[in-house]
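**Q** This is the structure, below, for whatever I ask next.
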Amino acid sequence: MIPNAVQFFSYTCDFKTKMFTVTGTTYNEMEKVWSGPKLKNLYSNEMTLGEAIVRRLITTPGKVIQIMGTTGESLTALEFLKCSMNVAHNVLKMGLNCRDIVGLYAQHSVHEATVMMAAFLCGTPVHALFPGFDQKTVISLYENTRPKIIFCDEENYESALSANETLELKARIVVLTGQVQGVTHISELVQKGAHSLDINAFPCTGLNGSDTAAILCSSGTTGTPKGVMCSHQALLYSNI
């Protein structure tokens, strides 16, 4: 931000009208100059995954971008953004902070990508594990990254719970598929929260391409899998 300047900036999505607007001005009181909004260059080293994905999806809000072959569930770009922003809003309210680790220990489901996107918006690296890993492997991996919230499924909930208790993580556990009594379900996080998007309200705007976006697992063919840190820039320019 320019010194001695007053900045007004808004990047919003109105879910009712499906309208996206980018407005903003900066007024320099010393020079008495009004300037337009300053946005990150899409191809600069400062760009993060969350910001880049939002910019692309808002161009085709009604396009179906995800279909679950096993269930027939689908999401348009707008629906995906809305769900992701609701999850991001809710996990931030839970106390998740920028650069905290998000654990993703779940099979493919309609909201698996939603969780990933929400984490990108929050600036919280996602440590993704194969959903079939046993308790010992989960404990070994999460001992290093110590996630503050873990997204899992009903079928591997006990392994997630065991890791949480053994490592004394005190992490919030959220179930993506199935139901576990007394445990938060993803449906509770996607249906309410943000009513519009102000991209500057999300921590990702304060990060750059060199920050960690995800922690993926090595194959584990020579022993216990290891976490591999992947930056926003590396994932933006990769083919995976």
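**Q** If you go through region 130-174, how many residues are assigned to a loop (DSSP other than H, G, I, E, B) and out of contact with any Pro (no Cβ under 7 Å at 6 or more places or on another chain)?
**A** 11
**Q** Any residue at all in region 44-55 that is basic (Lys, Arg) and either assigned to a loop (DSSP other than H, G, I, E, B) or exposed (fewer than 15 other Cβ atoms within 10 Å of the Cβ) (or both)?
**A** No, region 44-55 contains no residue that is basic (Lys, Arg) and either assigned to a loop (DSSP other than H, G, I, E, B) or exposed (fewer than 15 other Cβ atoms within 10 Å of the Cβ) (or both).
**Q** Which residue is nearest to HIS108 (Cα to Cα), if the candidates are limited to region 56-76 and must be surrounded by 11 or more Cβ atoms within 10 Å (Cβ to Cβ) and hydroxyl-bearing (Ser, Thr, Tyr)?
**A** Among residues in region 56-76 that are surrounded by 11 or more Cβ atoms within 10 Å (Cβ to Cβ) and hydroxyl-bearing (Ser, Thr, Tyr), the one nearest to HIS108 (Cα to Cα) is SER74.
**Q** Any chance you could count how many residues in region 221-236 are out of contact with any Lys or Arg (no Cβ under 9 Å at 6 or more places or on another chain) and modelled with pLDDT under 90?
**A** 3
**Q** Does region 136-163 hold any residues that are surrounded by 15 or more Cβ atoms within 10 Å (Cβ to Cβ) and basic (Lys, Arg), and which are they?
**A** Answer for region 136-163, where residues must be surrounded by 15 or more Cβ atoms within 10 Å (Cβ to Cβ) and basic (Lys, Arg): ARG146, LYS148.
**Q** Return the residue satisfying two criteria in turn: it lies in region 221-240 and is under 21 Å from LYS136 (Cα atoms) and among the β-branched types (Val, Ile, Thr), and of such residues it is surrounded by the most Cβ atoms within 10 Å (Cβ to Cβ).
**A** Selected residue: THR224.
**Q** Here is a further query. Can you tell me which residue among THR60, THR71, THR26 is modelled with pLDDT under 90 and over 14 Å from THR205 (Cα atoms)?
**A** THR26
Matching residues to (1) surrounded by 16 or more Cβ atoms within 10 Å (Cβ to Cβ); (2) at pLDDT below 90:
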position: VAL175; (1), (2): yes, no
position: LYS192; (1), (2): no, yes
position: ASP198; (1), (2): no, yes
position: SER210; (1), (2): no, no
position: ALA213; (1), (2): yes, no
position: SER219; (1), (2): no, yes
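The values are calculated or read from the model by the stated rules, or taken from the named source; none is laboratory data. Bear in mind that the values here come from a model prediction, so they are computed numbers and not experimental data. Don't worry about glycine lacking a Cβ; one is built from the backbone with ideal geometry, like all the others, and counts go over all protein chains shown.
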